[in-house]
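The values are calculated or read from the model by the stated rules, or taken from the named source; none is laboratory data. Note that the coordinates shown come from a computational prediction; the quantities given were computed from them, not determined experimentally. Neighbour counts are summed over all protein chains in view; Cβ atoms, including those assigned to glycine, are modelled from backbone coordinates with ideal geometry.
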Amino acid sequence: MNKKIALITGITGQDGAYLSQLLLEKNYTVYGLLPRRSTSEVNLNRLEWLGVDDKVHLIDGDLTDLSSLIRIMQKVQPDEVYNLGAQSFVKTSWDQPLLTGQVTGIGAVNVLEAIRLIKPDARYYQASTSEMYGLIQEPMQSEQTPFYPRSPYAAAKLYAHWMTVNYRESFDMFACSGILFNHESPLRGLEFVTRKVTDGVARIKLGMETELRLGNIDAKRDWGHARDYVKAMWLMLQQDTPDDFVIATGLTTTVRDMCKIAFDVVGLNMDDHLVIDPQFFRPAEVEILLGNPAKAKEVLGWEAETSLESMITEMVEVDLQRLTRG
């Protein structure tokens, strides 16, 4: 039996690393799209941390360059394509709205077009996001909830999401979107609030810092573990029929309460160290997100396995280890 071949864009990110680990455990051959700019140095830290950096095949290409994607499709001939690559930091999308549109929005369509032209039987996964709901139209968001994006990032993701639906319906492609709510891990970038918190708490505990500065700590999010969520990505591409799924825990928590969990892990009083800084507020805030994962549970047999408390504890402990080692 031939090994399945998977191509992952955004392979060096949090989700790309966990997905690579999962697919390798399932005996896939894994290729990763690697955009190179003016430096030959590549950030493989996440793949290295999971011990899979020497097991994946990295191939030069860029989401904004259709010709490179066509070349890669011809060379790799993937069975499954996971488009996780994006300019994915919401705050930066206001500073770089055109770049975000090109990479996050048009980039997804470039991948779809390369598949349509070269490998139309490949199964495609699009990383959609709960940020597309933005100014929420229902208390709990499902696949039927109307979207109302509140950032350039969310608007670009929404374009990619609907183009995935369009290619599925227009060209009979096996194209799925996972509308993933916030998912975190020790591999999360420091610019994201959960990792900013766990790293900050670890620094305060070790005497390296005295305060943690945040913006809107009353915003509510539905947080799960990335390790759980990549399983849902894989399950979507194993179904008989392509479809879109909300992937979430079905629970929402304030940033404030998430911070308290992190400070409690190290035995510190949050109020002694937390500072509200107006510079970290968004121009247009998304106040609450809460996903309804009922369809994913019914069709995919998927549900979140890791609690917020367990995840934040893991993240704080790993950050303490990192900082102690230097």
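Miscellaneous remarks
- Here the condition is being modelled with pLDDT of 95 or more, polar (S, T, N, Q) and surrounded by 16 or more Cβ atoms within 10 Å (Cβ to Cβ); of 249, 241, it holds for 249 alone.
- Selected residue (only one of 314, 305 is touching a residue at least 40 places away in the same chain (Cβ under 8 Å) and assigned to a loop (DSSP other than H, G, I, E, B)): 305
- Screening the candidates 246, 230 for the property of being touching a residue at least 40 places away in the same chain (Cβ under 8 Å), in contact with a Ser or Thr (Cβ under 8 Å, 6 or more places away or on another chain) and among the aliphatic types (A, V, I, L, M) yields one hit, 246.
- Members of the range 40-90 that are of a type in the set (D, E, K, R) and farther than 23 Å from residue 22 by Cβ: 41, 60, 62, 65, 71, 75
For every residue, the table says whether it meets (1) more than 18 Å from residue 187 (Cβ to Cβ); (2) crowded, with 22+ Cβ neighbours inside 10 Å; (3) not assigned by TED's automatic domain parsing to the domain that holds residue 127.
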position	(1), (2), (3)
198	no, yes, yes
202	no, yes, yes
207	yes, no, yes
217	yes, no, yes
233	no, yes, no
256	yes, no, yes
260	yes, no, yes
263	yes, yes, yes
268	yes, no, yes
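- Of 271, 257, all but one fail to be part of a helix (DSSP H, G or I), free of Cβ contacts under 8 Å to residues at least 60 places away in the same chain and more than 18 Å from residue 183 (Cβ to Cβ); the exception is 271.
- Scan the range 275-313 for residues that are modelled with pLDDT of 95 or more and under 28 Å from residue 213 (Cβ atoms) and the total you get is 9.
- Failed item in (1) touching a residue at least 60 places away in the same chain (Cβ under 8 Å); (2) of a type in the set (A, V, I, L, M, F, W, C); (3) more than 23 Å from residue 244 (Cβ to Cβ); (4) in contact with a Phe, Trp or Tyr (Cβ under 6 Å, 6 or more places away or on another chain), with residue 17 passing the rest: (4)
- Test set (1) touching a Lys or Arg at 6+ places or on another chain (Cβ under 6 Å); (2) modelled with pLDDT under 95 - residue 214 fails condition number: (1)
- Residue count for the range 119-164, restricted to those that are assigned to a loop (DSSP other than H, G, I, E, B), basic (Lys, Arg) and either under 15 Å from residue 175 (Cβ atoms) or in contact with a helix residue (DSSP H, G or I) (Cβ under 7 Å, 6 or more places away or on another chain) (or both): 1
- Helices (runs of 4 or more DSSP H) fully within the range 39-112 counting 2 or more residues that are surrounded by 17 or more Cβ atoms within 10 Å (Cβ to Cβ) and hydrophobic (A, V, I, L, M, F, W, C): 66-76
- For residue 196, the conditions (1) over 18 Å from the mean Cα position of the chain (by Cα); (2) free of Cβ contacts under 8 Å to residues at least 40 places away in the same chain all hold with the exception of (1).
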